[in-house]
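Peer 1: One structure, pasted below without further comment.
The values are calculated or read from the model by the stated rules, or taken from the named source; none is laboratory data. Fair warning: this is a prediction, and the values are worked out from it, not measured in the lab. Positions of Cβ are backbone-derived with ideal geometry, glycine not excepted, and every protein chain shown enters the neighbour counts. Accessible surface areas use protein heavy atoms only, side chains included; no ligands, DNA or RNA. Shrake-Rupley method; radii C 1.70, N 1.55, O 1.52, S 1.80 Å.
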Protein chains: 2
Amino acid sequence: MAAAIALSRRGRPGSAPNPNVGCLIVREGRMIARGWTQSGGRPHAEAAALAMAGDAARGATAYVTLEPCAHVSARGPACSDLLIEAGVARVVIAAQDPDPRTDGAGIARLQDAGIEVVFNVLAAEARAAMAPWWTRRTDGRPFTTLKLATSLDGRIARADGSSRWITGDRARAHGHLERAQHQAILVGRGTYEADAPALDVRLAGLESRSPRKYLLTRGAAPDGWTAAASPDDIADVDSLLVEGGAGAAAAFLAADRVDRLLLYRAPILIGDGRAALGDIGLADLADAHGRWRLADSRLLGSDRLDVYERTSTV
Amino acid sequence: MAAAIALSRRGRPGSAPNPNVGCLIVREGRMIARGWTQSGGRPHAEAAALAMAGDAARGATAYVTLEPCAHVSARGPACSDLLIEAGVARVVIAAQDPDPRTDGAGIARLQDAGIEVVFNVLAAEARAAMAPWWTRRTDGRPFTTLKLATSLDGRIARADGSSRWITGDRARAHGHLERAQHQAILVGRGTYEADAPALDVRLAGLESRSPRKYLLTRGAAPDGWTAAASPDDIADVDSLLVEGGAGAAAAFLAADRVDRLLLYRAPILIGDGRAALGDIGLADLADAHGRWRLADSRLLGSDRLDVYERTSTV
C-alpha cells in the first residue's frame, strides 16, 4: 500500500477536481500493473492499472489508496464495476471515500460480487497524500501552503523593500517546484505592486504547470489574475500556495486557513527590515504552541528548508 | 591530537585568563596520562599529564594542543622545561603559541634538548577549541556568542513584550549550559528593566559557574553588575554571551563583534511582535551573504537549535 500511496502523489495537482489515487495490481507476489489518476481526473487509477494488467488481473489483488467509486459518470464507468469485470480476487483499500455517491457503496458492491475486501490500511497516510482533494471535499476550502523566505532573524526584505535575493538558487528552484505542485498561487496587493511577480514555473519541462494566479484584494484583479476579497473567497481550487507578502500571509493565518508552512531560511542577518508576518490575531503566547509539527527539514545549498504541518491536519 | 583537542575543551571557561590546553602522553601506542589546564589556569595541561605519567613519561610521546610555554612564572615552571626533565622523546604540537614570551621559543628549547618536535598538527582545530583565549589574545576582545530565542517568524516577544515562554524546557536548559561555558553575560537596558534577569546558571551542580554580568548602558550599573558603554568596552574577559534584547544584539552585530550565533527557534508563529534585531547597519542585501556558516543543528524537544559561526573565525 505504501507503494500505491507513493504512486498516488504523481497525480498531483493534475487530477483535480478528482482525487489523486494510486493503484497497484499484484499477482503471485509480483506487481503486474500500476496506475494513478491521470491529468484532468480520467482515467481513474484503477482503470489505468486494469488496462495495463489485461487478462492477468483475473485472480489478482488490487491495492487502491481510495475506495473504488460506485457511481457511473458520463466520463467513464464505476471503478468497482471495472474491478468486478476484470475478475480480481481481492481488493485492499486505504481510505474510505467521503464522496456520498460512494462512501461505502464501492466496498459493498465489491463484496456482493464475492471479492474479498480489506480496508483501512494506511488510511491516514493515503489521506495525507490526497490532502488537497480531501481538504476541499471535507472543509470546502483549498489545502493551503504558506511560503516564507526569510533571513535568520525572520526578515523578508530590508526596510527599503529590497529582497533580491535573500535565498539562493537551489531554494528558489525548490520554490518553483512547489508552484508546479499547486493549482493556484496567491499574493497580496503590496507584493503585486512591488514585484509584479509572474508567478510562473521557471523549470524546464514544467512551464505548462504554471498555476492560476489570485490577488488578495477588495479591488479589481489585473488581466490574467483572479481577485479574492478574503481567504474564504477561494473555493474552487484544491491546492493554494500563498507566496506573500506579510499581510496576505497574516490574513490566511488569522483565518486559520494554513495547512502547511514552507520556511526557506538564508544564513544571513538583516536587522531592521520587513517582518515575515503582520498581525495574526494571537491573543496569548500560550495559544501559539502545539499548532505546528516539523514534517521535513533539509539544506538547499546554504539555505535551510523547514516544512511544518498543522497538527490537526487530515 | 584530536583526542587532546577534545580534552582541551574541558578547560573552558575556568582556565581563563590562561589558554585551555589539552595534553596526552602516549607510550608504545597506549595513552598513559592526560591533562588539561585546570581552573584558574594552573596547573598547565602538560604539568597535569606529566604528574599522572610519573616515570613512565621517559621515552614517551606528548601530544599538546598549544606550544609548551618557555617562560618561568611566579606560579610555576615552564612546561618545556618540565617535558625535558621528564625525558619525553617526542612532542607533537597543534598550534604555535602567539604569546611573545613563547612564540617558537618553546619549540626551540625542546629541540635544543634533543627532543623530536612535530608541529602544526590540526592547528586550526586546536585554535577553534581555544577560540575565546585566542580571540582575546589576538584581537583584544572577547570571543562573543549571540543568543536569540525566536518564533518561526523571528519574533522574540509579542507586541506587549510577553515572551514567557517561546522556547521549551530543553532549549532553556541548553541555554543555561551555554551560560556555564561563558565567563560573562551581557544584556541591554531594556531587557534588564523588563525582566530583571538573574542570568545565573540554573543547572544542578553548575550553580558556581554563573558568569559575570554586564549591562550595556551609558549609565551606572546596578549592584552586582558591570556597566559597558559599548561593545568595545569589554576587554577583560575571554568569552561573552550576549542574551538580548534586540538593541544589544544589534549593537554587537553592527560593531562586527559576534563570532557565533545560537538560534533557538520554537515551532510557533507570533505575527505582530518584537523583532529579534534592531538596525545592524546593513547597507546592501548582498553584504549580508557569506558571513555565517552552519556549525551545528539539532532538535531540543520541539525546538530547533542552529549554531552559526562567522566564516572568518580563528
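Peer 1: Local charge sum around A:Ala288 (other residues, Cβ-Cβ under 15 Å, Lys/Arg +1, Asp/Glu -1)? Don't jump to the answer; show the numbers that get you there.
Peer 2: Details: positive: A:Arg291, A:Arg293, A:Arg310, B:Arg155, B:Arg158, B:Arg164, B:Arg265, B:Arg274; negative: A:Asp256, A:Asp279, A:Asp284, A:Asp287, B:Asp153, B:Asp160, B:Asp272, B:Asp303.
Computed value for this residue: 0.
Peer 1: Around B:Pro68, under 10 Å between beta carbons, what's the net of Lys plus Arg minus Asp minus Glu among the other residues? Please report the intermediate quantities before stating the final value.
Peer 2: Numbers: positive: B:Arg109; negative: B:Glu46, B:Glu67, B:Asp81, B:Asp97.
My count for the surroundings of B:Pro68 gives -3.
Peer 1: Here's another thing I want to ask about it. Let me know the Rg and Dmax you get for chain B when you use only its Cα atoms, in Å.
Peer 2: 21.8, 70
Peer 1: Separation between the B:Thr311 and A:Ala255 pseudo-spin-labels, each 7 Å from Cα along Cα→Cβ, expressed in nm?
Peer 2: Going by the 7 Å Cα→Cβ label model, 4.1 nm.
Peer 1: Relative contact order for the stretch A:136-228 using alpha-carbon pairs under 8 Å, separation at least 6, rounded to a whole percent? Please report the intermediate quantities before stating the final value.
Peer 2: Numbers: 95 pairs, mean separation 18.3, N = 93.
Relative CO of the stretch A:136-228 lands at 20 percent.
Peer 1: How much FRET efficiency would the formula 1/(1 + (r/R0)^6) give for B:Arg42 and A:Asp160, where r is the Cβ-Cβ distance and R0 is 51 Å, rounded to 0.05? Write down the numbers at each step before the final one.
Peer 2: Working: r = 55 Å, r/R0 = 1.07.
FRET efficiency, B:Arg42 to A:Asp160: 0.40.
Peer 1: Report the semi-axes of the equivalent ellipsoid for the stretch A:174-237 in whole Å, largest first, where each axis is √(5λ) for an eigenvalue λ of the Cα gyration tensor.
Peer 2: Numbers: eigenvalues 88, 36, 17 Å².
They are 21, 13, 9 Å, listed largest first.
Peer 1: List the relative contact order of chain A as a percent without decimals, with contacts defined as Cα pairs under 8 Å and 6+ residues apart. Numbers along the way, then the final one.
Peer 2: Details: 721 pairs, mean separation 48.3, N = 314.
Averaging sequence separation for qualifying contacts and normalising by length gives 15 percent for chain A.
Peer 1: Points 7 angstrom from Cα along the Cβ direction at A:Arg101 and B:Ala6: gap in nanometres?
Peer 2: Once both label points are built, they end up 6.5 nm from each other.
Peer 1: Using only the alpha-carbon atoms of the stretch B:141-310, report the extent along each of the three principal axes, biggest first, to the nearest angstrom.
Peer 2: That gives 42, 37, 34 Å along the principal axes, largest extent first.
Peer 1: Considering only the label points, 7 Å along Cα→Cβ from Cα, what distances in nm to one decimal separate B:Gly205 from the same position in each other copy, shortest first?
Peer 2: 5.6
Peer 1: Further question on the same structure: Before rounding to the nearest 500, sum -39500 (n - 2.57) across all DSSP H runs of length at least 4 in chain B and divide by the residue total; then give [θ] at 222 nm in deg cm²/dmol. Walk me through the numbers before you get to the answer.
Peer 2: On the way: 10 runs with 80 residues, N = 314.
-7000 deg cm²/dmol, from helical runs alone.
Peer 1: Relative to the other copies, what are the label-point distances for A:Gly140, with labels 7 Å from Cα along the C-beta vector, expressed in nm at one decimal and sorted shortest first?
Peer 2: Values, ascending and in nm: 7.2.
Peer 1: For chain B, give the percent of accessible area contributed by carbon and sulfur heavy atoms, probe 1.4 Å, rounded to a whole number.
Peer 2: On the way: 6130 of 13040 Å².
Answer for chain B is 47 percent, counting heavy atoms of protein chains only.
Peer 1: If Lys and Arg each add +1 and Asp and Glu each add -1, what is the summed charge of the other residues whose beta carbon sits under 10 Å from the beta carbon of B:Ser210?
Peer 2: The answer is +3.
Peer 1: Could you let me know the centre-to-centre spacing of the stretch B:257-296 and the stretch A:248-306, using Cα atoms, in angstrom?
Peer 2: 15
Peer 1: Could you list the square roots of 5 times each eigenvalue of the Cα gyration tensor of the protein assembly as shown, that is, the equivalent ellipsoid semi-axes, sorted largest first and rounded to whole Å? If you can, show how the numbers build up before the last one.
Peer 2: Working: eigenvalues 719, 210, 80 Å².
The answer is 60, 32, 20 Å, longest axis first.
Peer 1: Excluding residues fewer than 8 places away in the same chain, name every one of the lysines whose C-alpha is closer than 28 Å to that of B:Lys147.
Peer 2: Hits, sequence-local ones excluded: A:Lys147, B:Lys213.
Peer 1: Right, something else. For A:Ala113 and A:Ala56, calculate 0.36 nm times their separation in residues minus their Cα-Cα distance, and state this gained length in nm to one decimal. Don't jump to the answer; show the numbers that get you there.
Peer 2: Details: separation 57, 0.36 × 57 = 20.52 nm, distance 1.88 nm.
Gain on extension, A:Ala113 to A:Ala56, equals 18.6 nm.
Peer 1: If you don't mind, another one. Just grab the label-to-label distance for A:Ala283 and B:Leu177, each label 7 Å out from Cα along the Cβ direction, in nm (one decimal).
Peer 2: Rounded to a tenth, the inter-label distance reads 3.8 nm.
Peer 1: Find the centroid of the Cα atoms in the stretch B:126-145 and in the stretch B:164-226, then give the distance between the two in whole Å.
Peer 2: 21
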